[in-house]
1. Zone of residue 110 (label point 7 Å along Cα→Cβ, backbone N under 19 Å): which residues in the stretch 28-47?
2. Determine one quarter of the surface area of the Cα convex hull of the stretch 74-155, which equals its mean projected area, and express it in nm² to one decimal.
3. Determine the sum of side-chain charges near residue 51: Lys and Arg each +1, Asp and Glu each -1, restricted to other residues whose C-beta is under 14 angstrom from that of residue 51.
4. Would you report the distance distribution of C-alpha pairs in the stretch 23-149 as whole percents per 5 angstrom bin, up to the bin with the largest distance?
5. Quote the FRET efficiency, to the nearest 0.05, computed for residue 213 versus residue 148 with a Förster distance R0 of 45 Å and r equal to the Cβ-Cβ distance.
6. Cα-based Rg (one decimal) and Dmax (whole number) for the stretch 134-228, in Å?
7. Using the Karplus curve 6.51 cos²θ - 1.76 cosθ + 1.60 with θ = phi - 60°, what ³J(HN,Hα) values do you get for each residue of the stretch 180-187, in whole Hz, with x for Gly and Pro?
8. With springs only between Cα atoms under 10 Å, which of 105, 152, 196 fluctuates most in a Gaussian network model of the chain?
Amino acid sequence: MNAKQAAGYRAAEWVKDGMTVGLGTGSTAYYAIEKIGEMVGNGLQIRAIATSKASEELAAKYHIPLIEAKDVDRLDLAIDGADEVDPQMALIKGGGGALLREKLVAINSDRFIVIADHSKMVPTLGRFKLPIELVPFCYEWTLRELKSRYDVPFEMRMQGDQLYVTDNGNYIVDAVFGQIADPARLSDELKAMTGVVEHGLFVGIAQTVVIGYEDGRTEIKEAPCSNQ
Ligand SMILES: O=C[C@H](O)[C@H](O)[C@H](O)COP(=O)(O)O
């Protein structure tokens, strides 16, 4: 058992018969999907939406029935990893490029459970580069606007010698903020920019964080206003 596995497996315990479930993306979400797949193999009846093509393939491998948004109004639960988690349970996500689908799924779920190994817990967000998803059309102008507003390094995400393209056909620029003093404010500012599709700050969205440790222990944190 490693720390990511501990967190992923523990979160899978929230999944109950009849639920609709959002499946996250990344190396921690992998373990949650693996465990849920095992539970489905043992007779658990759920329907799921995956947040990336990679997680869709993983779900299919475990015979987890997949649905689309038109099949359901909201999800009961979503389980996903994070790149950083602060003490208020604000997150940076999108290291794997899946931030847009992940945020859509998270905000349309009754409970959003974040799974993270303990190294992801930080006092202040921003050491991890903040992914910002850009519309490819005239992205150079959006990038120029970002640079004029924020005096920090911006790095277009690459795949080999090509610009990285998300599952939604967009680009990602990673912003090296170092420290983000006011994640809610930055989130609103970025969201209001034309050309920015989405960004990796998840503020006030997580209700539960499951922290995993190498010895297999887990620690659960609930958002103060969460009544779920
Ligand atoms: O786009 C990727 C997602 O936001 C991931 O959940 C995040 O990057 C954490 O990934 P991992 O569990 O592999 O560290």
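1. Residues 44-47 qualify, since their backbone N sits under 19 Å from the label point.
2. Numbers: hull surface 26.3 nm².
Spelled out: convex hull of the Cα atoms, projected over all directions, averaged, 6.6 nm².
3. Numbers: positive: 53, 93, 101, 103; negative: 56, 57, 68, 80, 102, 133, 167, 198.
Result for the local shell: -4.
4. Answer for the stretch 23-149: a P(r) of 2, 10, 18, 20, 18, 13, 10, 5, 2, 1, 0 percent.
5. About 0.55, to the nearest 0.05.
6. 16.9, 49
7. With the stated coefficients, the stretch 180-187 comes to 10, 5, 10, x, 5, 5, 4, 4 Hz.
8. Residue with maximal mean-square fluctuation among 105, 152, 196: 152.
Where a number appears in this text, it was derived from the coordinates with a stated rule and is not lab data. The structure displayed is predicted, hence computed values, not measured ones. Every residue, glycine among them, receives a Cβ derived from its backbone with ideal geometry; neighbour counts consider all protein chains shown.
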